[in-house]
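Engineer: Below: one structure in structure tokens.
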Amino acid sequence: MASLYEPIGQLKGVAEKRAKLYHRLGIDTPYDLLHHFPRSYIDFTAPVRIADAENGSACALRVRVVQKLSPSFVRKGFSLFRVVVTDGENDLTLVFFNTPYTYQAMKAGEEYFVYGKVTGGFTRREMHSPQTQRCADAMLLQPVYPQTVGLTSAMIRTNVAASLAILDEAPIETLPPGLLRAYQLMGLTEALHAVHRPESQAQLDAARHRLAFEELLQFQIGTLMLRHRSGASSAPAMSPDTDLSAFYQSLPFTLTGAQRHAVEVITRDLCDARPMNRLLQGDVGSGKTAVAAAAAAFAAKNGFQTVLMAPTEILAQQHMQTMTEFLAPIGIEPVLLTGSTKAKEKRIIKAAIADGSAKVVVGTHAVIQKDTEFRSLGLVITDEQHRFGVAQRAALAEKGGSPHKLVMSATPIPRTLALIIYGDLEITVLDEMPRGRLPIQTFAVTGGYRERAFGFIRQHLDAGEQAYLVCPMIEESDQLENVQAAESYAESLKSGAFSAYRVGLLHGKMKPQEKEAVMAAMKAHEVDLLVCTTVVEVGVDVPNATVILIENADRFGLAQLHQLRGRVGRGRVQSYCILVTDSRSEEARERLKIMSRTVSGFAIAEEDLRLRGPGDFFGHAQHGMPPLMQAAMASNMPLVSETQEAARRLLREDPELRNPQMQPLRTAVLQLFAKNGENGLN
């Protein structure tokens with residue numbers, strides 16, 4: 001009997017070539033495919049009349065084939081196939097390009113549902129490349145799946161049907177019967193059928209509710225288990241009498257009230273034998289590194305080492321510079337350990353780490369190599385945690401037994417989401433900006449003002465400042481086109497509007513060393529204007545950069561625009577953000593107005609959550625949250641509360657989910673956390 005857990009290549013209808021395409025989507029088995037949920041549905045439940053179809057708008061029609069016209073061979077390799085259909089009142093021509101199979105499959109006299117954009121005038125209306133299905137065996141809510149080049153929704157639907165047939169032979173369930181009854185949830189096998197082949201909107205809603213409930217429940221259970229395990233271990237308890245006055249007096253500025261409060265909370269945690277597990281969340285420029293330096297100074301005065309791990313060398317170097325500025329005046333000299341540290345220097349640094357004389361270590365993944373040993377590691381600080389692999393973070397935590405952990409994030413997250421995503425962490429928010437920082441002035445303009453904007457940028461470059469230009473975004477799924485757009489855009493600027501300046505290029509397809517070299521050149525002012533894709537969103541601190549222009553700004557979420565805007569405004573000079581868009585949609589205009597009137601990342605995050613939901617808010621690459629869970633968090637906070645309550649009840653009764661009835665749920669929790677980059681459960 002076929003299994004849901006066999007390689008996807010063994011599924012009926014999936015050969016080696018298609019299996020490789022599925023692997024690209026992270027689908028390795030039929031079970032994975034059944035959890036590859038549709039991103040939307042084509043609704044054939046209420047087809048419109050041909051006469052009522054709006055030109056240029058997609059719609060569903062119910063039609064009968066009147067006549068199949070002879071194929072037209074326009075040129076070599078390009079053929080047109082036309083089918084005349086009617087809804088009983090008006091006629092319409094379906095046009096297919098190079099798709100003889102669909103044309104041949106349609107039979108005269110038979111009725112079909114078709115979906116696409118209607119074009120043409122009063123006398124001749126057409127629909128190009130429509131979705132088609134026979135009315136006799138139609139899916140009235142036809143799923144549309146996340147795809148990759150070479151893999152269509154139709155192919156996925158066929159393979160899902162084969163996977164559902166396997167499921168019917170051996171039904172599965174992950175939730176205990178009592179929980180299903182208590183929360184009136186649909187069974188898993190029924191829900192998987194309904195989400196892929198819904199017979200009605202009500203059935204689909206019930207299926208999505210069940211699946212979203214389970215994803216949220218798994219997440220809640222996992223974070224509660226992490227917190228429980230963390231609390232069960234013992235960390236070094238430091239002295240509450242530790243004096244930080246020398247640290248405060250040595251700073252070249254006065255900490256904000258929010259920073260002082262954060263330091264008090266963190267140092268109180270460091271005095272507890274229960275390991276600290278805290279998220280320090282602050283907007284760009286809110287001063288998280290100064291707080292981290294205070295925590296490191298506190299640990300050092302208690303005889304413990306601190307390690308601060310950054311995801312890239314350039315960010316590690318930036319932290320090293322800042323930590324040295326803050327700590328050297330009180331006699332603490334941080335050391336930097338990265339992959340490019342020379343062998344002789346690396347041996348010296350590792351010896352200092354091993355004998356405990358290096359009290360503060362800043363680095364990249366080099367700090368977790370096996371031959372890097374700490375004498376008394378008391379505090380682990382990770383910056384931009386989501387960018388580390390699970391093995392890297394776990395290895396770092398294991399270096400010191402049970403050190404205290406501080407996670408820094410520059411992504412402002414609405415508190416409701418933060419409590420879910422970082423459920424295993426206590427949360428401290430820096431909601432106050434340092435004195436002297438000027439708010440970034442933001443302007444939204446149309447493409448007609450581009451040349452004036454370029455002139456504005458040139459004025460600032462002539463004044464010795466620097467700028468970023470975020471190139472047009474094509475489609476997030478097509479990285480190659482994005483790279484080509486960036487390269488061609490940079491070339492046009494070099495030979496045109498910015499021919500007199502040093503123009504650099506940064507995009508996601510570059511090797512890590514190439515990216516870091518470009519950002520280092522930008523920081524050293526060897527580049528005047530950096531043309532880039534969104535890879536610059538989390539990057540090096542360049543206080544001299546004062547202008548950022550973002551093309552096609554309507555394509556981005558507010559949170560991402562805010563992160564991009566945060567590349568400037570890091571010095572004492574007035575900075576500017578120019579958002580260029582030709583979109584006429586009301587939503588786009590509203591979002592850009594929000595950007596223009598507020599600089600608070602937290603206010604923007606709340607608006608972004610309201611307008612777009614957490615899926616677009618975070619982006620899959622960053623947090624990898626399951627799509628149904630995203631939808632639930634955006635629109636159904638009562639469901640979040642329900643799953644929190646259910647998770648607590650289940651863990652009170654069975655803290656490790658060892659009961660045989662709980663084994664499927666335990667396995668699912670472990671799999672979810674392994675896929676979504678959490679550590680401590682795998």
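Engineer: Which one, 517, 203, 531, projects farthest toward the positive side of the charge dipole computed for the chain from Cβ point charges (K/R +1, D/E -1)?
Structural biologist: Result: 517, furthest along the dipole toward the positive end.
Engineer: Here is a follow-up. Once you order the gyration tensor axes a ≥ b ≥ c over the Cα atoms, which shape class does the stretch 441-598 get: rounded for a/c under 1.5, otherwise prolate or oblate by comparing a/b with b/c?
Structural biologist: It comes out rounded by the Cα gyration axes.
Engineer: Ignoring everything except DSSP H segments at least 4 long, calculate the 222 nm mean residue ellipticity for the chain; use -39,500 (n - 2.57) per segment, divide by total residues, nearest 500. Spell out each step's value before the answer.
Structural biologist: Details: 24 runs with 285 residues, N = 682.
Helices in the chain give a 222 nm mean residue ellipticity of -13000 deg cm²/dmol.
Engineer: Let me make sure I get this right: for the chain, a, b and c are the square roots of the gyration tensor eigenvalues over alpha carbons, sorted descending. Under 1.5 in a/c it's rounded, otherwise prolate if a/b > b/c, else oblate. Which is it? Working shown, then result.
Structural biologist: Numbers: a/c = 2.24, a/b = 1.42, b/c = 1.58.
It is oblate, given that a/c is not under 1.5 and a/b is not larger than b/c.
Engineer: Which residue, 332, 33, 671, has the largest displacement toward the positive end of the dipole of the chain when charges sit on each Cβ (Lys, Arg +1; Asp, Glu -1)?
Structural biologist: Selected residue: 332.
Engineer: Shifting gears a bit: Provide the per-residue ³J(HN,Hα) series for the stretch 167-181, in order, calculated from phi with Karplus coefficients 6.51, -1.76, 1.60 and θ = phi - 60°, each as a whole number of Hz, with x at glycine and proline positions.
Structural biologist: So the J values, rounded to whole Hz, are 4, 5, 6, 9, x, 10, 8, 10, 9, x, x, x, 5, 4, 5.
Engineer: Oh, and also: Under the classification rounded if a/c is under 1.5, otherwise prolate if a/b is larger than b/c and oblate if not, where does the stretch 569-610 fall, given a ≥ b ≥ c as square roots of the Cα gyration tensor eigenvalues? Mind dumping the intermediate values first?
Structural biologist: On the way: a/c = 3.55, a/b = 1.40, b/c = 2.54.
It comes out oblate by the Cα gyration axes.
Engineer: Taking the Cα centre of the chain as origin, sum charge times position over the Cβ atoms of Lys and Arg (+1) and Asp and Glu (-1), and report the length of that vector in debye to the nearest 20.
Structural biologist: On the way: 73 positive and 73 negative charges, 178 e Å.
Charge dipole of the chain: 860 debye, to the nearest 20.
Engineer: How large is the dipole of the stretch 155-204 about the Cα centre if only Lys and Arg carry +1 and Asp and Glu carry -1, each at its Cβ, rounded to the nearest 20 debye? Intermediate results must be reported in sequence, preceding the final value.
Structural biologist: Details: 3 positive and 5 negative charges, 29 e Å.
That gives a dipole near 140 debye.
Engineer: Still on this structure, I have one more. Just for the chain, what percent of DSSP beta bridges are antiparallel, to the closest 5?
Structural biologist: Details: 33 of 87 bridges.
Expressed as a percentage, antiparallel bridges in the chain total about 40.
Engineer: Would you be so kind as to identify which of 61, 81, 22 lies farthest towards the positive end of the dipole of the stretch 1-95, taking Lys and Arg as +1 and Asp and Glu as -1 on Cβ and the Cα centre as origin?
Structural biologist: 81
Engineer: Calculate the dipole size of the stretch 441-598 relative to its Cα centre from +1 charges on Lys and Arg beta carbons and -1 charges on Asp and Glu beta carbons; express the result in debye to the nearest 20. Walk me through the numbers on the way to the answer.
Structural biologist: On the way: 19 positive and 21 negative charges, 110 e Å.
With Lys and Arg at +1 and Asp and Glu at -1, about 520 debye.
Read the figures in this text as sums done on the coordinates, not as results from a lab. Just so you know, these numbers come straight off a predicted model, no measurement behind them. Note that each Cβ is placed from the backbone with ideal geometry, even for glycine, and that neighbours are counted across all protein chains shown.
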